[in-house]
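**Student:** Questions regarding the structure given below will be posed in turn.
The values are calculated or read from the model by the stated rules, or taken from the named source; none is laboratory data. Computed from a predicted model, the values in this text were never measured in an experiment. Cβ placement follows ideal geometry from the backbone for every residue including glycine, while neighbour counts extend to all protein chains displayed.
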Ligand code: ADP
Ligand code: MG
């Protein structure tokens, strides 16, 4: 199973949109996908029309062992796509964990206990690098970083990379940054093109070739509780996320090969470390 966290402490860069629609496109390609909402704002859950009351089965009650995995995993309208939803209670988890010796690994332990053969575990994260997000980083094998191709795109990225490096050195040696995703790209502006070049200069071949264009349909879909593949299967947004899914799937073969025999492809190297 590939465990991917979609990470950027900046809000509004396309994390939730990417988890929802990449998840749907991977499922469309026959993979079994579990999305986990690790943001107390619960935007990913809302994207699939799930709005929880306090105490209802969620990632929060799962970590607290109040519910079993079977209680919290929900199916979505997309075949093969599942979700563990969140609610605002999750905001309190950091404080509750603070005194526990396993505070950094609580989520990892919880997710390790999920039975069933999922090919992909996709985690959405909150716009912060706090304890909750570090828990998700400890539970992941790969980091995808969405960046908006607008001014300030790279602001804060240094801090993000330092945090990934810290987690990798101290808690999770297998964590790798395997992909950077250019999101909400407006190809009509010179600035967006310049920023894209800057991102490619900074991250080199780790940047996915697929660029997620700005597309209003992507912003509308959550209001209908659907991923883009269902809301408007032929729009640019659906095309772009399908292309991204194909690139993500193309990495699988290389990742399966033993270390040392891997292609010198971008994802075999690591930003962190
Ligand atoms: P984050 O999770 O990083 O905060 P979101 O995925 O919620 O970011 O995106 C922020 C806003 O931008 C949302 O309203 C979303 O619908 C919209 N959005 C995301 N990607 C696109 C896109 N490619 N084109 C147009 N709107 C987008
Ligand atoms: Mg979000």
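**Student:** Going residue by residue through the stretch 196-218, is there one that turns out to be without any contact (Cβ under 8 Å) to a residue 24 or more places away in the chain, within 16 Å of ligand 1 (Cβ to nearest atom) and either over 19 Å from residue 13 (Cβ atoms) or in a loop (DSSP other than H, G, I, E, B) (or both)?
**Tutor:** Looking for residues that are without any contact (Cβ under 8 Å) to a residue 24 or more places away in the chain, within 16 Å of ligand 1 (Cβ to nearest atom) and either over 19 Å from residue 13 (Cβ atoms) or in a loop (DSSP other than H, G, I, E, B) (or both), one finds none in the stretch 196-218, hence no.
**Student:** On to the next question. Give the number of residues within the stretch 80-94 that are in a loop (DSSP other than H, G, I, E, B) and within 16 Å of ligand 1 (Cβ to nearest atom).
**Tutor:** Final tally of qualifying residues: 2.
**Student:** Now for a different question. I need the full set of residues from the stretch 125-145 which are part of a loop (DSSP other than H, G, I, E, B), more than 16 Å from ligand 2 (Cβ to nearest atom) and buried (at least 21 other Cβ atoms within 10 Å of the Cβ), in order please.
**Tutor:** 139, 140
**Student:** Which one is surrounded by the most Cβ atoms within 10 Å (Cβ to Cβ), of the residues in the stretch 224-270 that are at pLDDT 95 or above and not in a helix (DSSP H, G or I)?
**Tutor:** 227
**Student:** If I filter the stretch 95-106 for residues that are crowded, with 22+ Cβ neighbours inside 10 Å, away from ligand 2 (no atom under 16 Å from the Cβ) and in a loop (DSSP other than H, G, I, E, B), do I get at least one hit?
**Tutor:** no
**Student:** When the residues of the stretch 9-30 are narrowed to those that are away from ligand 2 (no atom under 13 Å from the Cβ) and assigned to a helix (DSSP H, G or I), which ends up surrounded by the fewest Cβ atoms within 10 Å (Cβ to Cβ)?
**Tutor:** Checking each candidate, the answer is 28.
**Student:** Checking residue 153 against (1) within 14 Å of ligand 1 (Cβ to nearest atom); (2) modelled with pLDDT of 95 or more, which test does it fail?
**Tutor:** Only one criterion in (1) within 14 Å of ligand 1 (Cβ to nearest atom); (2) modelled with pLDDT of 95 or more is unmet by residue 153, namely (2).
**Student:** Still on this structure, please answer the following. Give me the residue from the stretch 173-185 that is surrounded by 14 or more Cβ atoms within 10 Å (Cβ to Cβ) and free of Cβ contacts under 8 Å to residues at least 40 places away in the same chain and, out of that set, nearest to residue 108 (Cα to Cα).
**Tutor:** Only one residue tops the list, namely 180.
**Student:** Tell me the residue from 76, 61 that is over 30 Å from residue 168 (Cα atoms) and surrounded by 16 or more Cβ atoms within 10 Å (Cβ to Cβ), please.
**Tutor:** Answer to the selection: 76.
**Student:** Follow-up question, since we're still on this one. Only one of (1) touching a helix residue (DSSP H, G or I) at 6+ places or on another chain (Cβ under 8 Å); (2) within 16 Å of ligand 1 (Cβ to nearest atom) fails for residue 77. Which number is that?
**Tutor:** Here residue 77 meets the rest and fails (2).
**Student:** Which numbered condition in (1) touching a helix residue (DSSP H, G or I) at 6+ places or on another chain (Cβ under 8 Å); (2) away from ligand 2 (no atom under 16 Å from the Cβ); (3) part of a strand (DSSP E or B) is the only one that residue 122 fails?
**Tutor:** It is condition (2) that residue 122 fails.
**Student:** Quick one: how many residues across the stretch 35-57 are surrounded by 19 or more Cβ atoms within 10 Å (Cβ to Cβ), within 14 Å of ligand 1 (Cβ to nearest atom) and assigned to a loop (DSSP other than H, G, I, E, B)?
**Tutor:** So the answer is 4.
**Student:** Working carefully through the options 85, 57, find the one that is over 15 Å from the mean Cα position of the chain (by Cα) and over 25 Å from residue 211 (Cβ atoms).
**Tutor:** Every option except 57 fails the conditions.
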